[in-house]
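Worksheet: one structure, shown below.
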Amino acid sequence: MQIKDIAAIVTGGASGLGAATARGLRAAGAAVTLFDRDATRGPAFAAGIGAAFAEVDVTDEASVAAGIGTAVAAMGRITALVNCAGIVIGERTVGRDGPHALASFRQVIDVNLVGSFNCIRLVGAEMAKTASTGAERGVIVNTASVAAFDGQKGQAAYAASKAGIAGMTLPLARDLAGLGIRVCAIAPGVFLTPMLEGLPEDVQAGLAADVTFPKRLGRPEEFADLVRFILGAEYLNGEVIRLDGALRMR
């Protein structure tokens with residue numbers, strides 16, 4: 001699939017990895033619609049890069065369906081979905097104040113895992129309507145994390161949600177193969193997103209210390225570069241790709 005022919009939805013597209021992905025796809029000539037809950041930053045950022053915007057809660061079926069309608073109206077079709085919407089918390093299973101709050105565990109799973117699947121199933125159904133010009137109708141790229149494989153203390157909820165993303169990659173690829181839709185996931189390491197940019201330099205250096213090489217935090221545009229590669233690599237399917245400088249979390 002040629003990037004210039006792609007019509008992509010990017011969830012969580014108003015900030016962080018999602019924003020970098022949306023910017024990179026637009027720069028390469030793809031049509032893009034951002035899904036995000038931020039109704040202030042989202043439209044302004046979308047307008048700045050020449051993308052469409054829909055205020056969407058990825059956990060809500062009606063909200064995602066409405067967003068798909070906006071995307072189809074803006075782009076005419078959908079041929080790619082990049083799921084970047086997600087949240088993270090730090091909470092131990094049993095801490096000083098007692099057991100992990102069940103509500104916060106459910107929220108992380110709901111947004112990161114259920115929200116991703118909600119978009120996949122609904123966008124996948126829309127992709128299936130697209131007249132195929134060959135064997136491929138669409139590509140779905142999900143965001144896992146190295147925490148799926150070596151999560152740290154306080155990451156039970158986040159690691160579980162991202163392990164779910166990694167674990168469903170192959171079944172999704174198999175489910176959607178008959179429709180001509182590929183599915184892959186990226187498992188990023190520690191990236192310089194807005195949350196980390198606000199930390200002191202010595203803290204950032206500490207986070208980068210365990211990265212094997214290059215010994216620095218990942219750049220969001222590097223994530224976007226890998227998304228573009230996956231979209232264009234027709235034989236790449238059902239794979240979870242670590243993007244982490246050979247980082248293995250302690």
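Does the stretch 98-121 include one or more residues that are of a type in the set (Asp, Glu) and either more than 24 Å from Lys153 (Cα to Cα) or without any contact (Cβ under 8 Å) to a residue 60 or more places away in the chain (or both)?
Taking the stretch 98-121 first, the residues of a type in the set (Asp, Glu) are 110.
Add one more test, that the residue is either more than 24 Å from Lys153 (Cα to Cα) or without any contact (Cβ under 8 Å) to a residue 60 or more places away in the chain (or both), and what stays is 110.
Yes, the stretch 98-121 contains a residue that is of a type in the set (Asp, Glu) and either more than 24 Å from Lys153 (Cα to Cα) or without any contact (Cβ under 8 Å) to a residue 60 or more places away in the chain (or both).
Taking the condition of being in contact with a Leu (Cβ under 9 Å, 6 or more places away or on another chain), under 23 Å from Gly12 (Cβ atoms) and of a type in the set (A, V, I, L, M, F, W, C), how many residues in the stretch 186-211 meet it?
The number of residues fulfilling the criteria is 8.
Restricting attention to helices (runs of 4 or more DSSP H) lying wholly within the stretch 84-157, give those where 3 or more residues are under 19 Å from Phe223 (Cβ atoms).
Values: elements: 102-109, 115-127, 147-150.
Answer list for the stretch 84-157: 115-127, 147-150.
Say we look at the stretch 23-38 and pick out the residues that are without any contact (Cβ under 8 Å) to a residue 60 or more places away in the chain and not in a loop (DSSP other than H, G, I, E, B); which of these is surrounded by the most Cβ atoms within 10 Å (Cβ to Cβ)?
Of everything passing the filter in the stretch 23-38, Leu34 is surrounded by the most Cβ atoms within 10 Å (Cβ to Cβ).
Taking the stretch 182-228 as the region of interest, how many residues are crowded, with 17+ Cβ neighbours inside 10 Å, basic (Lys, Arg) and under 18 Å from Arg23 (Cβ atoms)?
Going through the stretch 182-228 one residue at a time, the tally reaches 1.
Can you tell me which residue in the stretch 75-97 is surrounded by the fewest Cβ atoms within 10 Å (Cβ to Cβ), limited to those that are farther than 26 Å from Val183 by Cβ and without any contact (Cβ under 8 Å) to a residue 40 or more places away in the chain?
We begin by selecting, within the stretch 75-97, every residue farther than 26 Å from Val183 by Cβ; these are 89-97.
Remaining after also requiring without any contact (Cβ under 8 Å) to a residue 40 or more places away in the chain: 94-97.
Values: Val94: 8, Gly95: 12, Arg96: 5, Asp97: 9.
Among those that are farther than 26 Å from Val183 by Cβ and without any contact (Cβ under 8 Å) to a residue 40 or more places away in the chain, it is Arg96.
Out of Ala7, Ala19, Ala14, Ala51, which single residue is modelled with pLDDT of 95 or more, surrounded by fewer than 23 Cβ atoms within 10 Å (Cβ to Cβ) and either farther than 28 Å from Leu236 by Cβ or of a type in the set (A, V, I, L, M) (or both)? Steps first, answer last, please.
On the way: Ala19 fails: surrounded by fewer than 23 Cβ atoms within 10 Å (Cβ to Cβ); Ala14 fails: surrounded by fewer than 23 Cβ atoms within 10 Å (Cβ to Cβ); Ala51 fails: surrounded by fewer than 23 Cβ atoms within 10 Å (Cβ to Cβ).
Sole residue among the options that is modelled with pLDDT of 95 or more, surrounded by fewer than 23 Cβ atoms within 10 Å (Cβ to Cβ) and either farther than 28 Å from Leu236 by Cβ or of a type in the set (A, V, I, L, M) (or both): Ala7.
Consider only pairs whose beta carbons are under 6 Å apart and that are at least six residues apart or on different chains; among these, list those whose first residue lies in the stretch 150-163 and is among the hydrophobic types (A, V, I, L, M, F, W, C) and whose second residue is not in a loop (DSSP other than H, G, I, E, B).
Ala157/Phe105; Ala157/Val108; Ala159/Ala147; Ala163/Ala148
If you take the residues of the stretch 98-143 that are among the basic types (Lys, Arg) and surrounded by 13 or more Cβ atoms within 10 Å (Cβ to Cβ), which of them is farthest from Leu236 (Cα to Cα)? Spell out the reasoning first.
Within the stretch 98-143, the subset among the basic types (Lys, Arg) is 106, 121, 129, 137.
Right, trim to surrounded by 13 or more Cβ atoms within 10 Å (Cβ to Cβ) and you get 121, 137.
On the way: Arg121: 20, Arg137: 14 Å.
Among residues in the stretch 98-143 that are among the basic types (Lys, Arg) and surrounded by 13 or more Cβ atoms within 10 Å (Cβ to Cβ), the one farthest from Leu236 (Cα to Cα) is Arg121.
Output the residues belonging to the stretch 4-22 that are within 18 Å of the chain's Cα centre (by Cα) and closer than 16 Å to Ile230 by Cα. Reasoning before the result, please.
Just the residues of the stretch 4-22 that are within 18 Å of the chain's Cα centre (by Cα), to begin with: 6-22.
Across the stretch 4-22, the qualifying residues are Ile6, Ala7, Ala8, Ile9, Val10, Leu17, Gly18, Ala20, Thr21, Ala22.
Return yes or no: is Lys153 farther than 22 Å from Ala80 by Cβ and modelled with pLDDT under 95? Even if it seems obvious, please write down each step before you answer.
On the way: farther than 22 Å from Ala80 by Cβ: yes; modelled with pLDDT under 95: yes.
Considered against the rule, which asks whether it is farther than 22 Å from Ala80 by Cβ and modelled with pLDDT under 95, Lys153 comes out as yes.
The values are calculated or read from the model by the stated rules, or taken from the named source; none is laboratory data. Just so you know, these numbers come straight off a predicted model, no measurement behind them. Glycine also receives a Cβ, built like all others from the backbone with ideal geometry; neighbour counts cover every protein chain displayed.
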